[in-house]
Amino acid sequence: MSFEQLLQYALSGITNGSIYAIVAIGFNIIYNTTGIINFAQGEFLMLGGMTAISLSSFMPLPLAILAAVVITSFAGALIDFLFIRRLKSPSVLGMVIVTVGLSIVIREIALHIWDEKVRSLPYFTGNEISSINIMGAFISPQVLWVIGVSSVIVVFLGVFFKFTLTGRSMRACASNITAARLCGINARNMVTISFMLSAGIGALAGCVVSPITQTQYDCGTSLAIKGFTVAILGGLGNSTGAVVGGIVIGLLEAFSISVLPLAYKDAVAIAILLIILFVRPSGLLGKKEAAGLKEF
Amino acid sequence: MAMKKYSPVLALVICVIILQAIASLAGREYYLTQLTMSAYYCLVILGLTVLMGYTGQISLGHAAFFAMGGYTTAVMTTRNLIEMQGSAAVDLAVRLGLTVTEKNAYGVEILHLSPWVSLVTAVCLTAAVAFFIGIPILKLKGHYLAMATLGFGIIIYRIVLGSRIFGEADGISDIPQFALAGGLAVSGDPALRVQNYYIAAVLVVAGVVLLMNLVDSRVGRALRSIHGSEEAANAMGVNVARYKLLVFVLSAVFACIAGVFLTHFNGGVGPSEADVMKSVSYLAIVAVGGMANLWGALVMGILLNYLSLRGYFGSYDEFVFGSILIVIMLFFPNGLLKMENFRWLSDAAARVINSYRARGGEGKDGLS
Amino acid sequence: MGFLELKNMSRSFGGLRAVDDVSFEVAKHQIKAVIGPNGAGKTTLFNLITGSLVCDSGEARINDVPIQNLPPHRIARRGISRTFQNIKLFSHMTVVENVMVGRHIRSRAGFLPAMLRLPGARREERAIRERSLEILSVMGIAELADQDATSLPFGTQRIVEIARALATEPELLLLDEPAAGLNIYETARVSEMITKIRERGVTVLVIEHDMSLIMNISDEIVVLSSGKKIAEGVPADIQKNEEVIRVYLGEDDA
């Protein structure tokens with residue numbers, strides 16, 4: 001493999017990896033405040049992408065994306081209001097079942113709104129054929145958008161959780177919900193905010209990848225399972241881990257294509273997921289003790 | 001005691017016969033086709049009920065085991081061995097009676113492996129896969145277990161969809177009939193509709209009786225104790241890991257057998273059988289049936305599969321199953337067919353009986 | 001030589017030494033109590049003996065056979081049974097079914113015989129039920145046999161849990177705070193029950209905070225504090241032990 005090819009694969013791996021990392025962070029946000037793994041996480045990306053595509057036909061692209069992010073955030077809040085809040089004494093099994101149900105319902109609603117057609121947003125800059133030469137590897141400018149937006153999201157979340165009152169309250173809920181309540185934090189609202197935040201960044205990610213991977217009503221599931229793989233690899237709830245994990249999975253997947261048939265691409269990520277779960281469920285960067293302490 | 005315990009079985013048998021009688025008398029025997037298919041799906045659901053409802057171990061990958069059964073028998077029985085006649089292995093198989101010779105629809109002579117061979121192979125293969133995948137998977141709990149089984153299901157789906165030998169997106173068709181014994185055969189031939197309906201019914205009745213016995217036994221109590229508290233079950237001497245593994249294998253075998261029979265009944269198998277959505281619909285039916293309730297799962301399994309197969313849900317099929325999951329978990333976490341949901345019914349009945357008794361009592365008073 | 005021997009058992013969680021180099025023996029047919037302030041490592045010690053936790057170092061022997069670090073279900077087969085501090089009855093199962101799970105190690109039917117209801121399995125099933133009902137009537141709760149176990153009052157649940165543990169026919173019974181949350185009448189009943197269990201030839205190791213109960217029934221007492229054994233002896237000596245008084249009442253009051 002020449003250096004240029006290597007770079008080409010690596011860049012495509014990092015692109016996909018940064019999207020997986022965003023999905024994983026979406027998982028983490030909700031997991032940290034509720035202990036729920038939201039199986040409908042991938043659907044947020046699909047919803048964001050689809051909404052932006054529809055809106056972009058009668059408003060400028062940046063506005064359409066902004067509107068899609070807002071709308072999807074509200075969809076996230078709605079999910080919390082309508083379903084998650086109503087779960088009485090939820091068991092883990094119950095929460096898995098509800099979010100799996102939600103993912104199917106959202107997907108089917110999308111199917112009836114947008115049909116089966118594969119759509120995509122226009123390239124943010126340039127078009128399908130424009131490319132940038134980076135040390136011999138040719139990449140689409142959209143790739144830079146993906147990596148850029150992902151980095152911005154990560155930095156934004158870092159600042160949000162560290163320096164804002166809401167962000168800190170959410171972290172307080174994550175580490176000890178009873179203590180957080182005693183300090184006057186409205187834990188219920190934190191859950192709603194976590195769903196909104198998670199849906200919103202999911203939607204944004206769904207918009208930036210749309211030109212490259214295209215958007216279809218059922219594209220959420222495979223993104224979700226890869227995002228989960230990344231979340232597990234990085235240690236559930238650990239956002240730095242998610243970034244590292246995302247890039248690792250993205251790279252492995254990209255290079256696997258040069259060895260395995262394309263049809264098995266998804267299977268590679270999942271096989272990695274299974275291996276991690278079997279060998280070290282707390283993830284590469286997760287603390288073993290922490291994983292053990294959370295009651296499952 | 002025994003009579004009371006098996007009376008639902010008797011009721012089931014009577015229902016089976018009545019349904020067939022109605023369909024035949026009304027000249028609508030084609031309804032039996034979907035009932036037969038629903039019955040096979042119910043085998044999967046019954047096995048999953050024991051795994052999930054009674055033992056408390058979620059699986060989002062059971063369609064994979066069904067597909068393993070279906071595809072194993074499809075691959076093994078559609079291979080025409082006629083050109084390979086003369087090779088030692090094929091001749092030995094023929095001499096041992098492991099093959100079937102017949103003419104296909106175009107009158108071409110075909111020699112293929114007996115479905116009995118593929119059934120046994122499929123069961124052994126599925127049991128082995130479930131066993132080896134189960135060892136690491138069942139150590140996981142909650143979300144991790146759900147994701148791992150989901151992942152396993154997707155891998156099988158991808159393999160089925162991406163492999164030439166499994167026919168990729170087209171699946172495998174022209175699967176020969178499965179001649180059982182005494183002239184009975186599992187086949188989609190409209191002339192054999194009634195007997196196929198009964199073959200499926202017998203399998204389901206057998207399945208439900210076996211699992212009923214299991215649930216109400218030493219092993220069944222061990223399984224239910226795992227659901228209650230793994231730690232306490234362990235402290236009582238229950239080998240939790242072993243029982244989880246065995247019940248996982250058992251439920252996988254149920255799914256596999258269903259896959260083999262339904263594949264011969266349909267005469268074909270496609271990748272949609274391995275789809276994750278299938279696994280989710282099985283899960284939905286177990287949930288709506290009341291989780292730890294074999295009869296609830298059976299009734300709901302027949303009903304929902306039948307409606308789905310007859311196309312009553314139209315293009316909202318998956319939507320229906322997804323909504324079921326949500327609605328059941330939000331409003332009926334103990335299942336729809338639980339007594340408490342019918343309290344108004346029993347209350348009404350009690351009121352009627354009481355008023356009747358009261359009147360009867362007056363009558364007696366009058367006599368004395 | 002004791003029936004149960006613990007030698008230098010230790011277990012830490014992160015930096016915390018929950019059980020620190022604890023050794024003692026329990027003689028056959030003895031009632032021995034483990035006491036200590038909250039967080040002294042009593043339940044951790046129980047979890048080490050029953051195999052729920054793996055010990056970092058040390059040895060546990062029963063009848064001179066090492067049992068440390070065997071899986072819990074194997075240890076149960078060696079004749080050790082237990083109850084839990086926060087009652088762990090099996091939900092969605094009746095009282096008698098809960099006790100019947102206790103008969104698990106005393107019966108053998110596997111998947112196939114159970115599914116086919118083979119004659120052997122049916123005979124065994126009858127025997128399990130009879131024996132379990134018998135245990136329930138000995139404990140005086142026979143009339144609750146068909147009630148849902150986890151919907152019973154707290155005190156009754158404790159008794160069902162003891163019944164379940166006894167159904168395994170243990171040689172050694174570990175009771176983790178059997179009187180916690182009980183009123184004085186129920187406590188008296190539990191105390192009577194523990195003496196009765198010993199009379200039937202079972203050795204009892206009990207964790208308890210109720211001092212009057214402990215002083216009444218136990219032959220010997222082990223005192224743990226911060227994971228370490230600080231005293232061991234007959235109740236009268238323990239009551240006078242200055243170290244124990246200091247731990248319980250604090251430095252200044254001693």
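Data for the structure
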quantity	calculated
Test: residue in region A:114-122 that is buried (at least 19 other Cβ atoms within 10 Å of the Cβ) and more than 14 Å from chain B (Cβ to nearest Cβ)	yes
Check on residue B:292, within 14 Å of the chain's Cα centre (by Cα) and within 11 Å of another protein chain (Cβ to nearest Cβ)	no
Selection from region C:29-52 of residues that are over 30 Å from residue C:249 (Cβ atoms) and of a type outside the set (Val, Ile, Thr)	C:29, C:51, C:52
Cross-chain or 6+ apart pairs with Cβ under 9 Å, region B:74-94 first and under 25 Å from residue B:264 (Cα atoms), then surrounded by 13 or more Cβ atoms within 10 Å (Cβ to Cβ) and charged (D, E, K, R)	B:85/B:91
Criterion violated by residue B:210 - all others in (1) within 14 Å of chain A (Cβ to nearest Cβ); (2) surrounded by fewer than 23 Cβ atoms within 10 Å (Cβ to Cβ); (3) under 25 Å from residue B:132 (Cβ atoms) satisfied	(1)
Any hit, region A:237-252, residues being outside any helix (DSSP H, G or I) and within 14 Å of chain B (Cβ to nearest Cβ)	yes
Subset of region A:110-126 that is in contact with a Leu (Cβ under 9 Å, 6 or more places away or on another chain) and among the hydrophobic types (A, V, I, L, M, F, W, C) - its residue that is nearest to residue A:55 (Cα to Cα)	A:121
Scan of region C:198-222 for residues that are in contact with a strand residue (DSSP E or B) (Cβ under 7 Å, 6 or more places away or on another chain), in a loop (DSSP other than H, G, I, E, B) and acidic (Asp, Glu), ordered by number	C:208, C:219
Of all residues in region A:263-296 being at pLDDT below 75 and part of a helix (DSSP H, G or I), the one that is nearest to the other protein chains (Cβ to nearest Cβ)	A:263
Subset of region B:142-200 (residues that are touching a residue at least 40 places away in the same chain (Cβ under 8 Å), of a type in the set (A, V, I, L, M, F, W, C), in a helix (DSSP H, G or I) and more than 14 Å from every other protein chain (Cβ to nearest Cβ))	B:194, B:199, B:200
Residue count for region C:1-46, restricted to those that are of a type in the set (S, T, N, Q) and over 16 Å from the mean Cα position of the chain (by Cα)	5
Qualifying residues in region C:89-104 (those that are facing another protein chain (nearest Cβ under 8 Å) and among the aliphatic types (A, V, I, L, M)) - the one surrounded by the most Cβ atoms within 10 Å (Cβ to Cβ)	C:101
Test set (1) assigned to a helix (DSSP H, G or I); (2) out of contact with any strand residue (DSSP E or B) (no Cβ under 7 Å at 6 or more places or on another chain); (3) under 28 Å from residue C:27 (Cα atoms) - residue C:129 fails condition number	(3)
Residue in region A:53-64 that is over 20 Å from residue A:242 (Cα atoms), part of a helix (DSSP H, G or I) and among the small types (Gly, Ala, Ser) present	yes
For residue C:83: the one exception among (1) among the polar types (S, T, N, Q); (2) over 27 Å from residue C:153 (Cα atoms); (3) buried (at least 18 other Cβ atoms within 10 Å of the Cβ)	(2)
Scope region C:167-210; condition farther than 30 Å from residue C:127 by Cα, exposed (fewer than 15 other Cβ atoms within 10 Å of the Cβ) and touching a residue at least 60 places away in the same chain (Cβ under 8 Å); matching residues	C:209
Index of the failed condition, residue A:24 passing every other in (1) surrounded by fewer than 21 Cβ atoms within 10 Å (Cβ to Cβ); (2) within 14 Å of another protein chain (Cβ to nearest Cβ)	(1)
Residue C:86 vs. criteria within 13 Å of chain B (Cβ to nearest Cβ), at pLDDT below 95 and part of a loop (DSSP other than H, G, I, E, B)	yes
Among residues of region B:216-248, those that are assigned to a loop (DSSP other than H, G, I, E, B), within 15 Å of residue B:57 (Cβ to Cβ) and either among the acidic types (Asp, Glu) or within 24 Å of the chain's Cα centre (by Cα) (or both), counted	0
Failed item, numbered, when residue A:66 is tested on (1) away from chain B (no Cβ under 13 Å); (2) free of Cβ contacts under 8 Å to residues at least 24 places away in the same chain; (3) over 20 Å from the mean Cα position of the chain (by Cα)	(3)
All positions within region A:216-227 that are surrounded by 23 or more Cβ atoms within 10 Å (Cβ to Cβ), closer than 15 Å to residue A:109 by Cα and not hydrophobic (A, V, I, L, M, F, W, C)	A:217, A:220
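Residue-wise test of (1) among the β-branched types (Val, Ile, Thr); (2) assigned to a helix (DSSP H, G or I); (3) touching a helix residue (DSSP H, G or I) at 6+ places or on another chain (Cβ under 6 Å); (4) more than 13 Å from chain B (Cβ to nearest Cβ).
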position	(1), (2), (3), (4)
A:99	yes, yes, no, no
A:108	no, yes, yes, no
A:126	no, no, yes, yes
A:129	yes, no, no, yes
A:133	no, no, no, yes
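This table checks each residue for (1) in a helix (DSSP H, G or I); (2) farther than 26 Å from residue C:191 by Cβ; (3) in contact (Cβ under 8 Å) with a residue 40 or more places away in the chain; (4) away from chain B (no Cβ under 14 Å).
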site: C:34; (1), (2), (3), (4): no, no, yes, yes
site: C:37; (1), (2), (3), (4): no, no, yes, yes
site: C:40; (1), (2), (3), (4): no, no, yes, yes
site: C:47; (1), (2), (3), (4): yes, no, no, no
site: C:55; (1), (2), (3), (4): no, yes, yes, yes
site: C:61; (1), (2), (3), (4): no, yes, yes, yes
site: C:68; (1), (2), (3), (4): no, yes, yes, yes
site: C:75; (1), (2), (3), (4): yes, yes, no, no
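The values are calculated or read from the model by the stated rules, or taken from the named source; none is laboratory data. Because the structure is a prediction, the values reported are computed rather than measured. All Cβ positions, glycine included, derive from the backbone under ideal geometry; neighbour counts span all protein chains shown.
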